[in-house]
Amino acid sequence: MSRPRFKLLDFDLSPGFQVIEAGAGSGKTYNLVRIVLRLLTRAQSPLPIREILLVTFTEAAALEMRMRLRAILEEALRPNPKADLAKIISIPGSRRRLQRALDDLGSMQVTTIHGFCLRAYSDHAVNCGFPPFPGDPQDGTELAAEIAADWFRTQPELEVKLHAVEAATKALVMCPEAELDPAIENLRGYVARRLEDAPMVTFDQLIGRLQMALRDPTKGLRLRGLLQKDYKACLIDESQDTDAAQWEIFDTLFGPKAATGEHFLLMVGDPKQSIYGFRGADVRTYCTAIKKAKAILTLPDNYRSSPRMVSAFNTLFSRDGFFATSEITYDLAGSGEGKIAELAGLPFEVVHSDEPAAVAREAMRLLREMDAALLRKDGSVGTPGDGAEPAEVGILVRSNSAAAKIYRALVAAGQGASLESRQSVFETTSAFQVQLLLRAVLRPSHAGNRKALLLSRPSLFGETAKLDDPTDNAMARWLSQCLTIWRKQGFAPAWEALTRRSPGEGLLSVVEGLGRCQFRHRALMDLSHVGELLISRQRTLHWTPEQLFDHLTSRLRAEDDGEVDNAESSESESLRPDLANSRILVRTIHKSKGLEYNAVILAKAFSYSPSYPRKGMILRRENGTSAIFTGDSKDPMSAELSVQQREEDARLLYVALTRARHRFLWMGLSDPKPGS
């Protein structure tokens, strides 16, 4: 049975909890910012902008939302605004309220869940008697690895391997109450004590601290009252990625649990796009929470893709059991306003080979076809010389290594491409070359270190650099000078000297040397990225040169010892796009969420064999409990996790497919073998 559709001008803004399920390409952000306008101008109790809280999933999304809000406020205040805006501001006094909102936009909280928890705790919790946070919030990845290694050293009889202990520790930071293998149960208390004593607070702890504070029977009541006074409306974007602790906070403050009768709570999301289980997201929390809503509305129509693509989506996603759970349903989508042009040929193709060179050839073929059709990035058909942005191809993969191989195949074929994945920059060749550089700087007189620098590939100092005495002497002097700068002036000036200055005659600077290699765009981006991370770490912790080098070495070793190649790195360490104007973009599926491409190639992504659970995966059970997996394929939990992974695989496929405007090419999909 189809559910009622969301209609902007008819949407009920009275207090209470409502849900909008917005399908891919349905104009979610377009409608969210207009709901804010309606809250600002509603006839009954219009809100000042500072009393509206808008929460989204990432800092980038929060920044984009704030920019969209400013743009829509400015547009609404211009003479003769568009029809939908004209209707919103037709209420007497609306222009005055919108002008005040634009002037006060900086006072509105448009933030991530972590940003909200930090602000809420910092503004009020300390005044309510709770202890302050010890310093600024930090990513907990390195701390978790340190805690795991320290605990592991005290367990000589333990049969569980270190990488499993580290994975379990990272999961405990996200989900402290999850069940553990009895063999490592005492890890839980150790992790809790270390986190409590740490001179920092992790982002996951921000949520846990506010959750516990609100549970306090006396101080928590006062804190709740202060936050409920601050915000009268709360809009949660990407709400399908909410976990149990996050939902408890919003439910306690603004939802059915609070039952204040004066707060407006709106969750906007799409459970079909819940793909961040590795970060703690739990779609079951969303599915349970929305059952308390007074209304669940849908935004099913797709304004991103061509009518034939939308028809293909409807055929595939409406099949019984596609999402492997009755909790997630698919509403048939219309093709929006039909502004997206059709491209000749089938909208959906299958190619059995997914070798990197084959993927590169298909990507270049798609570019040629779209150029011949004068297809533009916005989905329209242009005219020769119109200056519009040309069409793009997105190559989506499951793992970091697959992304890197396809990127290299494209560059080898002479095709510019941009790579962005969840891979840590500390896994790259540039990171290992930085380690060689810093090792040589710390021991300028060591001939072996200098020789390793000159022999490293891609060449740091130019392919014509000679291994002779004059070159070696120049290298020794240059390294010694860099070390002096490092000790006297700090790492930032030393990094500038290391990468921008030539060691001597016949030698290029590191930036010039890498700028001449085949993969120069990637190499230079990664070099700059590693340098920024090390400079930031040194400024924050005031490490000596030796301590900073040890930190880099430990990060490289941690990545080298990783159990899986598509492990999630922290946001600050994930590879950055290297070529801003490239028309072929290689991404992991997770990185592609929220993006769109004229044509999408899905390669090396899925197989007919069941996925093997990774160490540290969190099993989310129907009864609300959870458990951390550290076993093997014989562990009974493995079968439960395989079911959970099958559900997430379906959602990943939905995300990958719905990035496409005109064409989808699935590479590597072959006929299933019997018994698979």
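The values are calculated or read from the model by the stated rules, or taken from the named source; none is laboratory data. Given the structure is predicted, the values throughout are model-derived calculations rather than measurements. For neighbour counting, all protein chains shown are included, and Cβ atoms are generated from backbone atoms with ideal geometry for every residue, glycine included. Each accessible area value is taken on the protein alone, full model and side chains, heavy atoms only, with ligands, DNA and RNA left out. Shrake-Rupley method; radii C 1.70, N 1.55, O 1.52, S 1.80 Å.
Listed by first and then second residue, the pairs linking a residue in segment 305-327 that is touching a residue at least 40 places away in the same chain (Cβ under 8 Å) and farther than 17 Å from residue 342 by Cβ to a residue that is part of a loop (DSSP other than H, G, I, E, B) and open to solvent by 60 Å² or more (accessible area, probe 1.4 Å), with Cβ atoms under 8 Å apart and 6 or more places separating them unless they lie on different chains, are 323/329.
Of the residues making up segment 513-523, those that are assigned to a helix (DSSP H, G or I) and in contact with an Asp or Glu (Cβ under 8 Å, 6 or more places away or on another chain) number 2. Total residues in segment 199-214 satisfying the condition of being of a type in the set (S, T, N, Q) and either open to solvent by less than 20 Å² (accessible area, probe 1.4 Å) or farther than 22 Å from residue 122 by Cβ (or both): the figure is 1. Exactly one residue out of 532, 512, 568 is charged (D, E, K, R), open to solvent by 30 Å² or more (accessible area, probe 1.4 Å), within 21 Å of the chain's Cα centre (by Cα) and at pLDDT 90 or above, and it is 532.
Just give me the residues in segment 342-356 being more than 30 Å from the chain's Cα centre (by Cα) and open to solvent by less than 40 Å² (accessible area, probe 1.4 Å), in sequence order. Listed by number, the list holds a single entry, 343. Take segment 14-33 and flag every residue that is open to solvent by 10 Å² or more (accessible area, probe 1.4 Å) and either in a helix (DSSP H, G or I) or over 19 Å from residue 287 (Cβ atoms) (or both). Across segment 14-33, the qualifying residues are 14, 15, 16, 25, 27, 28, 29, 30, 31.
How many residues does segment 56-66 hold that are of a type outside the set (D, E, K, R), outside any loop (DSSP other than H, G, I, E, B) and open to solvent by 50 Å² or more (accessible area, probe 1.4 Å)? Total satisfying the criteria: 2.
Entry remark, segment 181-198: residues being open to solvent by less than 80 Å² (accessible area, probe 1.4 Å) and assigned to a loop (DSSP other than H, G, I, E, B) number 3 in total.
Among the residues of segment 311-364, which ones are under 21 Å from residue 394 (Cβ atoms), polar (S, T, N, Q) and not in a loop (DSSP other than H, G, I, E, B)? Lay out the reasoning, then the answer.
Kept after step one, since they are under 21 Å from residue 394 (Cβ atoms), are these residues of segment 311-364: 311-313, 316-317, 333, 335-336, 339-364.
Checking which are polar (S, T, N, Q) leaves us with 311, 335, 353.
Residue satisfying the conditions is 311 alone.
Filtering segment 458-472 to residues that are surrounded by 15 or more Cβ atoms within 10 Å (Cβ to Cβ) and over 37 Å from the mean Cα position of the chain (by Cα) leaves 465, 471, 472.
Residues of segment 282-299 that are buried (at least 21 other Cβ atoms within 10 Å of the Cβ) and assigned to a loop (DSSP other than H, G, I, E, B): 282 alone. Pairing residues of segment 116-139 that are over 21 Å from residue 248 (Cα atoms) with residues that are among the small types (Gly, Ala, Ser) and in a loop (DSSP other than H, G, I, E, B), at Cβ distances under 6 Å and at least 6 apart in sequence or on separate chains, gives 139/570. Out of the residues in segment 235-281 meeting the condition of being out of contact with any strand residue (DSSP E or B) (no Cβ under 8 Å at 6 or more places or on another chain) and closer than 22 Å to residue 38 by Cα, tell me which one is surrounded by the fewest Cβ atoms within 10 Å (Cβ to Cβ). Of everything passing the filter in segment 235-281, 261 is surrounded by the fewest Cβ atoms within 10 Å (Cβ to Cβ).
Yes or no: residue 359 out of contact with any Leu (no Cβ under 7 Å at 6 or more places or on another chain), open to solvent by less than 40 Å² (accessible area, probe 1.4 Å) and closer than 24 Å to residue 574 by Cβ? In short, yes.
Per the conditions (1) within 22 Å of residue 177 (Cβ to Cβ); (2) surrounded by fewer than 18 Cβ atoms within 10 Å (Cβ to Cβ), the sole criterion not satisfied by residue 218 is (1). Criterion first (over 26 Å from residue 208 (Cα atoms) and open to solvent by 30 Å² or more (accessible area, probe 1.4 Å)) does residue 119 satisfy it? Criteria not met by residue 119.
Among the numbered conditions (1) of a type outside the set (D, E, K, R); (2) over 16 Å from residue 28 (Cα atoms); (3) at pLDDT 95 or above; (4) open to solvent by less than 70 Å² (accessible area, probe 1.4 Å), the only one that residue 69 does not meet is (2).
Quick one: which of 639, 650 is over 30 Å from residue 345 (Cβ atoms) and either open to solvent by 20 Å² or more (accessible area, probe 1.4 Å) or in contact (Cβ under 8 Å) with a residue 24 or more places away in the chain (or both)?
Testing whether each residue is over 30 Å from residue 345 (Cβ atoms) and either open to solvent by 20 Å² or more (accessible area, probe 1.4 Å) or in contact (Cβ under 8 Å) with a residue 24 or more places away in the chain (or both) leaves just 639.
For segment 81-101, filtered to residues that are part of a helix (DSSP H, G or I) and open to solvent by less than 30 Å² (accessible area, probe 1.4 Å), the residue that is nearest to residue 41 (Cα to Cα) is 94.
Listed here are the residues, each with its yes/no results for (1) crowded, with 20+ Cβ neighbours inside 10 Å; (2) at pLDDT 95 or above; (3) β-branched (Val, Ile, Thr).
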site	(1), (2), (3)
381	no, no, yes
390	no, no, no
396	yes, yes, no
402	yes, no, no
407	yes, no, no
410	yes, no, no
419	yes, no, no
423	yes, no, no
441	yes, yes, yes
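Under the condition of being surrounded by fewer than 16 Cβ atoms within 10 Å (Cβ to Cβ), more than 16 Å from residue 527 (Cα to Cα), at pLDDT 90 or above and of a type outside the set (Val, Ile, Thr), the residues counted in segment 473-507 number 7. Within segment 38-55, being assigned to a helix (DSSP H, G or I), open to solvent by less than 80 Å² (accessible area, probe 1.4 Å) and under 21 Å from residue 120 (Cβ atoms) holds for 39, 49, 51. The residues in segment 168-180 that are open to solvent by 30 Å² or more (accessible area, probe 1.4 Å) and modelled with pLDDT of 90 or more can be counted, and the count is 1.
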